[in-house]
Every structure is written in C-alpha cells, then in structure tokens.
Amino acid sequence: MSEVEDYTGRSGRNETREEQLDRNWAELLQEMRVLQMGVQILAGFLLTLPFQERFETLDDFQVGLYLTNVVIAALTTALILLPVSVHRRLFRKRLKETLVSSGDTIAKITLAGIALLSAGTAALVFDVTAGRTAGLTAGGALMAVMVVLLVYVPIHLNRRAAAGQGSPGPDGE
C-alpha cells in the first residue's frame with residue numbers, strides 16, 4: 001500500500017497510514033501530558049518531605065522507602081520526557097511508525113512507574129502515620145488495585161470488544 005492510498009484498516013476511519021500515525025502520535029502526547037501532571041504532583045510532594053521537622057524521626061526502612069520513591073519519581077519523569085527526546089532524534093527521518101511504536105511502549109512502562117510511585121508513596125505515608133503494618137498493607141493493596149486498573153481492565157475490555165465486534169484495529173481502537 002502506498003502512502004497516498006487510503007488506510008482504513010479495521011478502525012473504520014478513512015485515513016492514510018501517515019494520518020493514522022500522526023493522530024496516534026498526537027493522542028499519545030496528550031496521554032503523556034496527563035501522566036506528567038500526576039508524577040509532578042507526587043514528585044513535588046516527595047521533594048518537600050526532607051524539609052519537614054518530622055523527617056528526622058524516620059527510621060531506616062522509611063528513609064529507604066522515601067529514597068526509593070524519589071528514584072522512581074525521577075525515572076518516571078525521565079520516561080515521560082523520553083518520547084520528546086526520541087521525537088527530536090527521529091524528526092524528519094520518516095520514522096513516524098517507529099516513533100509511535102516506541103512511544104506506546106514508553107507510555108506503558110511509564111504507567112508501571114506511576115503505579116509503583118503511587119503505591120510506594122501511600123506505603124510511606126501510612127507507615128509514618130499509622131505504623132509499619134498499615135504501610136505495607138496500604139502499599140500492597142494499592143499496588144493490587146493499580147494492577148487491576150492498569151493491566152486487567154484494559155485486557156478485559158479488549159477481549160470483550162474482540163468477542164463482541166471483531167478485533168480492534170491496528171492502532172488499538
């Protein structure tokens with residue numbers, strides 16, 4: 001299929017492959033903007049903690065959990081920025097499909113980072129305020145909920161859609 005031919009795939013859209021890739025890239029960037037806000041809020045919260053008086057009373061486990069959360073926040077922030085860096089390197093090289101595909105993978109890894117960061121932050125807050133057992137329970141429970149919401153629900157919806165109306169299109173729609 002040439003670039004100028006219509007690409008309808010199974011999505012029901014009448015667009016060229018280039019138009020589809022452009023749309024997918026724009027949608028991916030919007031999703032990354034949403035993710036960025038959540039990570040910025042959690043990272044900002046974490047970065048203020050050492051300046052609180054009570055921080056000095058944390059035990060070794062709590063300090064370790066805090067530092068782990070800071071590293072996860074920094075790495076997740078880097079992952080959110082990665083599609084922009086990849087785009088800058090691939091710009092005007094006619095590699096949009098590679099860009100969209102890698103961006104999709106990066107977004108999925110970023111979601112995992114946000115799940116870890118959310119669970120770790122909750123574990124830290126519960127540990128400091130309600131004790132170790134509450135912290136471990138809250139962190140584990142939140143991680144389980146994140147796995148259900150971020151992994152199981154999309155897989156379930158995809159299977160349901162595939163069973164009800166044929167499989168989704170090549171861009172996941």
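Brief remarks on what is shown
- Only listed residue being over 19 Å from L150 (Cα atoms) and in contact with an Asp or Glu (Cβ under 8 Å, 6 or more places away or on another chain), chosen from Q62, Q40, Q52: Q62
- Any hit, region 91-99, residues being under 26 Å from T48 (Cβ atoms) and among the hydrophobic types (A, V, I, L, M, F, W, C): no
- Tally of residues being in contact (Cβ under 8 Å) with a residue 60 or more places away in the chain and under 23 Å from G140 (Cα atoms) across region 44-71: 6
- Search result, residues across region 16-61 that are loosely packed, with under 13 Cβ neighbours inside 10 Å and under 15 Å from the mean Cα position of the chain (by Cα): Q30, R33, V34, M37, I41
- Taking the criterion of being touching a Leu at 6+ places or on another chain (Cβ under 9 Å) and closer than 26 Å to F126 by Cβ, the residues of region 11-57 that qualify are L35, Q36, G38, V39, L42, A43, L46, L49, F55.
Computed from the coordinates by the stated procedures, all read-outs in this text should not be read as laboratory data. Please read all numbers here as calculations on a predicted model, not as lab measurements. Note: ideal-geometry Cβ built from the backbone for every residue, glycine included; neighbour counts use all protein chains shown.
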